[in-house]
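Engineer: Got a structure for you, questions after.
The values are calculated or read from the model by the stated rules, or taken from the named source; none is laboratory data. Owing to the predicted nature of the structure, the values given are computational and were not obtained by experimental measurement. For neighbour counting, all protein chains shown are included, and Cβ atoms are generated from backbone atoms with ideal geometry for every residue, glycine included.
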Amino acid sequence: MAKPFNIAHCFISGRNRPSRAVLWGMLSFMLIFLFLLALSVGSVSIPLETTLDILMHKGEDLVLHRIIWDLRFPKIFTALLAGAALSVSGLQMQTLFRNALAGPFVLGINAGAGLGVALVVLGTGAGITLMGNAGLIAQLSLFLASILGAASVLIVVLSLSQRVQNNVTLLIVGLIFGMMVNSLVSVLIYFSEPEEIQSYLIWTFGSFRGVTWDKLAVLAPAILSGLMIALTTVKPLNALLLGETYARSMGLSLKSARRLIIMSTAILAGSVTAFCGPIGFLGIAVPHLCRGLFRTSDHRVLFPAVLLIGAALALISEIAAQLPGTQQTLPLNAITALLGGPVILWVILKRRIAVNA
Amino acid sequence: MGAEIIKERDGARPEGFSVHPDTSVSRLMFRRNLFGSLLALAFLLSAHGAQGEEVQTSEGCVSNYDQNKDYFPDKLKVDHAEGFEVSYHKHYKRVKVAAPWKEGGESFEYVLVQCGTPAPKGFEQAQIVTVPAKTLIVLSTTYFYFVEGLGLLDRLIGIANFKRVNSPAILKLIARKKIAEVGRNVDLNLEYTARLNPDIVMTYGTGNPYRDSYGPLMQFGIRVGVFAEYMEPTPLGRAEWIKFMALFFNREKKAALLFDNIARQYEAVKQGTKKVATRPTVFTGKSIDGTWYMSGGNSYMAAFLKDAGAHFLWSDNTSRRSLHLDFESVLKKAADADYWLNTGLWKSLAEGRAEDARYAFFAAFKAGRIYNNNALLNSEGGNDYWERGIVNPHLVLADMIKIFHPELLPDHKLEWYRPLE
C-alpha cells in the first residue's frame, strides 16, 4: 500500500483537524440526515409533516403512503446496502492487491456477474426483463447467475494467483479476463432481440429504484452475510498491509485469508450487480476518501468508515439521480462517475507527484 | 425494362464501382454476378404482374431528355406529416427530412433525379438518388405495408430480420428466397448489404451513432432513406410517410390514393368520439429498473388517445418522444387512472406483478383495465401492430374506442389490443 492519502486537507485545515470521535459523530449525523432527506425528497413533493404522519401510519392518502413505504424505503435501503457493499469490497481489493486503483470490478468480478446476468436475460430468448419476469424464481436465478458468474471468474483468477505470486500481475490477469468475459456478453447482445438488448442496456446504467421489498428480501441477507465474512478479514488485511512476507511470518494463513476476502467480494459485488447493475466508481473512490478523512490505514477503523461513507455516497448519488422536484430521472452511473471520478483522478495525480518526489 | 434490370443488378457494371470505391466490395460484387442474374431473372418473372397497372414514363427511364418537360405530372401534397417536405423541379424532386429524431439535430436532404435525365448541380449536401429506384431494402417492419401498398414487393430485396415478420406477403417472399436478411443497428451486416447493392435502404435514426444503421450505410455510398414516422405527433402523420417512400419510386398517385382512403376512414371513426360525455383517464408504458417509459404528450400515441375519447394524463407534456419518469411520479398521477395501455411484453397481469409487485398499486391493474397492443404476435414475438397497424390507424383507433367507449362500436372486435388477465 502506498502511503495513506490525505484528503482531509481538502476541506479541513490541518490545525483544527477534528478528532475521530467528532468525525464518527459527524458521519452518523450525516447518514441520518441523508436518510431523512431521501425519504422526504423525490419526484413527488410530499410536505415534511405529511411524511412524518405517514411514517407514524397516520396518513390518509394511500398513494403517498405507498410512495414512502414501497418506493422510497426499499430504494433507500438498497442504496445504503449497495454503497456499503461496493465500498467494503473496494477496500478489500485495494489492500489485497496493494493497488490504489483496485476495486470490486477490476478483477473481472463485475464482468463475471454481468455475464451471468446476460446469460439469464439475453440467453433465455423469451424477452425476460431484468428485474424478473416470473417472480421469485426469476429473481433467484438472476441473482445466482450473477454470483456464480462473479465467483467463477474469481476462482479462475484465484487459481492463477496460486502460480502468480505477484499481485500486480494478478491484477492484470483479472483485467484481461474481465475483457474476455465482456466480449462474450457482447456476442450474446449481438444475437438478441431489441427488447432484450434494451433491458440489458438499461441495466448497465445502474439503478437502486428497481428493487422492491421482495427483491430486498434476497439482496439484504446476501449483502449482510458478505459483510460478516468481510468483517473477519479485518485482521488479515491489516497484516497484508505490511507485506505478504510479514503476514506470513506472523503465522497468518495467506491462502485462507485470500479465499475469505475473495469470497466476500464475490458475494458483495455479485449480489449488488445482479440487482442494481454494474455501479461504478464508488468501490474505488470511497476507501480513499476514508483513508484521507481518518488519516489511517488501519482496517479496524477503515472498515466501519468505508461502510458509512459508502452508504452515504450511494444515497447522495441516488438523491441526485432522481432530480428532486422533476419527474425525470438520470442514470445512476452518471452520478457516481461524477462524484467518484474526481477522487480517482486526485489519487492518480497525487501518486505521480509522490513518485516524482 | 427487363434488360434494364439485369444491367442494373449486374455487379460487374463499371458504374457500380464508383458508388463503392472500396475494392474488397468490388471483388464481392464480381462474385455476385451469377447470383445477381438469377435474382434478376426471378425478379422479371415476379415483376410481370405488377407492371401492368402503371405503364407510364414515370415508371421507367427517359430516353430523350427534354429540359422543358415536367417529368413528374403527379405531385404530392403532404397534409398531416410534419417530418418531410418535397418540392418538384421538372426532372428532379427535392426532399428534406428536417428533424428525424429531434429539432436542431441532423437533417437529411435528397435530390431524386428522374432516370435518364442529368443530375442537377449544386446539391453537394444531398443524397442524389435516381428514380424510380429499382431495388430497396427496408430495415423496419413499420414500412412493410408501405412497400406492399405501393406495389413495390417485387423491388424489395432485403429486410432486417426474418424472425419477426407477420406480413403474409413478406413471409411469402422469404419462403421463396426472394429477399435477404441483413440485420440492422448493431448487427447490420454491411458487407452483405453492400453486396446486394440496393438502390435505396429505408431505415430510421435515433441520434445514437453507435446504434443507427444509416451512418455506416451512407459512408459506404449506399443511399439511405431516413424515416421519422415515429416522431409524427399524429397517427395520420405517421401513416402519411407512405408518400415519402412513394417519392423514390414515382408512385405519388398511388400513395395519395391510399393515404386519402386511410385519412377518410380515420376521420370517420374519430367522429364517433366527438361528443363523448366522459373521457376516462389513461396512462401508458411501464417501468424498467425504476424508470418509467411513458408516451410523450405530443406523440402520435397521445393523439390516438385523445381521438379515442380518452384523457391521457400526460397530455399537457410537449414531447414527441417517450418520457423517462420516476416511478413515484407516475404512481402519484396515475394511481386512480381508469385505463393503462401498452405494457411492453406482458401477456398477463401475473407477468406484470412478477416484474414489480408495485404495479398492483394502480387501480387500473386491480380492476383489470390493462390493455396491451400485442394480441397478434408471431412465434418469435414479432408484433403485427408494428406492421399492419401503421397503415390502419383507423383500426387502431377503433380498438381504443372499443376499450374506452365500447357502446360506440358494439360490432368492432379488438384487433391488436387485448385485455390482460
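Engineer: Among the listed residues B:Lys96, B:Lys121, B:Lys77, which satisfies the condition of being among the charged types (D, E, K, R), under 16 Å from B:Asn250 (Cα atoms) and in the same structural domain as B:Thr206 (by TED's automatic domain parsing)?
Structural biologist: On the way: B:Lys96 fails: under 16 Å from B:Asn250 (Cα atoms); B:Lys121 fails: under 16 Å from B:Asn250 (Cα atoms).
After applying the criteria, what remains is B:Lys77.
Engineer: Looking at the stretch A:36-52, can you tell me whether even one residue there is within 10 Å of another protein chain (Cβ to nearest Cβ), surrounded by fewer than 19 Cβ atoms within 10 Å (Cβ to Cβ), more than 22 Å from A:Ile284 (Cα to Cα) and not acidic (Asp, Glu)? So that I can check it myself, show each step before the final result.
Structural biologist: So in the stretch A:36-52, the residues within 10 Å of another protein chain (Cβ to nearest Cβ) come out as A:42-46.
Next, from what is left, pick out any that are surrounded by fewer than 19 Cβ atoms within 10 Å (Cβ to Cβ): A:45.
Next cut, more than 22 Å from A:Ile284 (Cα to Cα) only: A:45.
Subset that is not acidic (Asp, Glu): A:45.
Yes, the stretch A:36-52 has at least one match.
Engineer: Ok, one more. Taking the criterion of being at pLDDT below 90, under 28 Å from B:Glu240 (Cβ atoms) and outside the structural domain of B:Glu380 (by TED's automatic domain parsing), would at least one residue in the stretch B:163-174 satisfy it? Walk me through it before giving the result.
Structural biologist: Just the residues of the stretch B:163-174 that are at pLDDT below 90, to begin with: B:163-164.
Filter again for under 28 Å from B:Glu240 (Cβ atoms), leaving B:164.
Filter again for outside the structural domain of B:Glu380 (by TED's automatic domain parsing), leaving B:164.
Scanning the stretch B:163-174, I find at least one residue that is at pLDDT below 90, under 28 Å from B:Glu240 (Cβ atoms) and outside the structural domain of B:Glu380 (by TED's automatic domain parsing), so the answer is yes.
Engineer: Something else about it: With the structure loaded, tell me whether B:Leu190 is surrounded by 21 or more Cβ atoms within 10 Å (Cβ to Cβ), assigned by TED's automatic domain parsing to the domain that holds B:Pro100, among the hydrophobic types (A, V, I, L, M, F, W, C) and modelled with pLDDT under 95 or whether it fails that test. Quick ask: steps written out before the conclusion?
Structural biologist: Values: surrounded by 21 or more Cβ atoms within 10 Å (Cβ to Cβ): no; assigned by TED's automatic domain parsing to the domain that holds B:Pro100: yes; among the hydrophobic types (A, V, I, L, M, F, W, C): yes; modelled with pLDDT under 95: yes.
Considered against the rule, which asks whether it is surrounded by 21 or more Cβ atoms within 10 Å (Cβ to Cβ), assigned by TED's automatic domain parsing to the domain that holds B:Pro100, among the hydrophobic types (A, V, I, L, M, F, W, C) and modelled with pLDDT under 95, B:Leu190 comes out as no.
Engineer: Separate question: Restrict the check to the stretch A:56-76 and report whether at least one residue is touching a Pro at 6+ places or on another chain (Cβ under 6 Å) and modelled with pLDDT of 80 or more.
Structural biologist: First, pick out the residues of the stretch A:56-76 that are touching a Pro at 6+ places or on another chain (Cβ under 6 Å): none.
No: zero hits.
Engineer: Of everything in the stretch B:291-310 that's more than 25 Å from the chain's Cα centre (by Cα) and small (Gly, Ala, Ser), which residue is farthest from the other protein chains (Cβ to nearest Cβ)?
Structural biologist: B:Gly309
Engineer: I would also like to ask the following. Taking the criterion of being more than 26 Å from A:Ala314 (Cβ to Cβ) and polar (S, T, N, Q), would at least one residue in the stretch A:263-283 satisfy it? Lay out the reasoning, then the answer.
Structural biologist: Step one: filter the stretch A:263-283 for residues more than 26 Å from A:Ala314 (Cβ to Cβ), giving none.
Within the stretch A:263-283, none of the residues are more than 26 Å from A:Ala314 (Cβ to Cβ) and polar (S, T, N, Q).
Engineer: Continuing with the same structure: Just to be sure I understand, how many residues within the stretch B:61-88 are closer than 30 Å to B:Tyr300 by Cα and loosely packed, with under 15 Cβ neighbours inside 10 Å? Give the steps one after another, and end with the answer.
Structural biologist: Step one: list which residues in the stretch B:61-88 are closer than 30 Å to B:Tyr300 by Cα, which gives B:74-88.
So of that shortlist, the ones also loosely packed, with under 15 Cβ neighbours inside 10 Å come out as B:75, B:77, B:79, B:85, B:87.
Of the residues in that region, 5 qualify.
Engineer: Here's something else I'd like to know. Regarding the stretch B:170-179, can at least one residue be identified that is surrounded by fewer than 22 Cβ atoms within 10 Å (Cβ to Cβ), within 14 Å of chain A (Cβ to nearest Cβ) and assigned to a helix (DSSP H, G or I)?
Structural biologist: Scanning the stretch B:170-179, I find no residue that is surrounded by fewer than 22 Cβ atoms within 10 Å (Cβ to Cβ), within 14 Å of chain A (Cβ to nearest Cβ) and assigned to a helix (DSSP H, G or I), so the answer is no.
Engineer: Now for a separate question. State whether one or more residues within the stretch A:90-104 are buried (at least 18 other Cβ atoms within 10 Å of the Cβ), within 14 Å of another protein chain (Cβ to nearest Cβ) and in contact (Cβ under 8 Å) with a residue 40 or more places away in the chain.
Structural biologist: No, the stretch A:90-104 contains no residue that is buried (at least 18 other Cβ atoms within 10 Å of the Cβ), within 14 Å of another protein chain (Cβ to nearest Cβ) and in contact (Cβ under 8 Å) with a residue 40 or more places away in the chain.
Engineer: Looking only at residues in the stretch B:264-293 that are within 30 Å of A:Ser199 (Cα to Cα) and among the hydrophobic types (A, V, I, L, M, F, W, C), which one is surrounded by the most Cβ atoms within 10 Å (Cβ to Cβ)?
Structural biologist: Let us first name the residues in the stretch B:264-293 that are within 30 Å of A:Ser199 (Cα to Cα), namely B:281-293.
With the extra rule that they be among the hydrophobic types (A, V, I, L, M, F, W, C), the set shrinks to B:282-283, B:288, B:292.
Working: B:Val282: 28, B:Phe283: 24, B:Ile288: 24, B:Trp292: 25.
This residue is B:Val282.
Engineer: Would you please name the residue that is nearest to B:Pro233 (Cα to Cα), looking only at residues in the stretch B:281-303 that are of a type in the set (Val, Ile, Thr) and touching a strand residue (DSSP E or B) at 6+ places or on another chain (Cβ under 7 Å)?
Structural biologist: Here is the first cut: in the stretch B:281-303, the residues of a type in the set (Val, Ile, Thr) are B:281-282, B:284, B:288, B:291.
Imposing the further condition that a residue be touching a strand residue (DSSP E or B) at 6+ places or on another chain (Cβ under 7 Å) reduces the set to B:281-282, B:284, B:291.
Details: B:Thr281: 20, B:Val282: 18, B:Thr284: 16, B:Thr291: 23 Å.
Ranking the qualifying residues of the stretch B:281-303, first place goes to B:Thr284.
Engineer: Are there any helices (runs of 4 or more DSSP H) wholly within the stretch B:311-419 with 2 or more residues that are more than 9 Å from every other protein chain (Cβ to nearest Cβ), in contact (Cβ under 8 Å) with a residue 12 or more places away in the chain and crowded, with 21+ Cβ neighbours inside 10 Å, and if so which?
Structural biologist: On the way: elements: B:327-334, B:349-355, B:363-366, B:388-391, B:393-404.
Hits in the stretch B:311-419: B:388-391, B:393-404.
Engineer: Modelled with pLDDT of 90 or more, in the same structural domain as B:Trp386 (by TED's automatic domain parsing) and not polar (S, T, N, Q), is that true of B:Asp356? So that I can check it myself, show each step before the final result.
Structural biologist: On the way: modelled with pLDDT of 90 or more: no; in the same structural domain as B:Trp386 (by TED's automatic domain parsing): yes; not polar (S, T, N, Q): yes.
In short, no.
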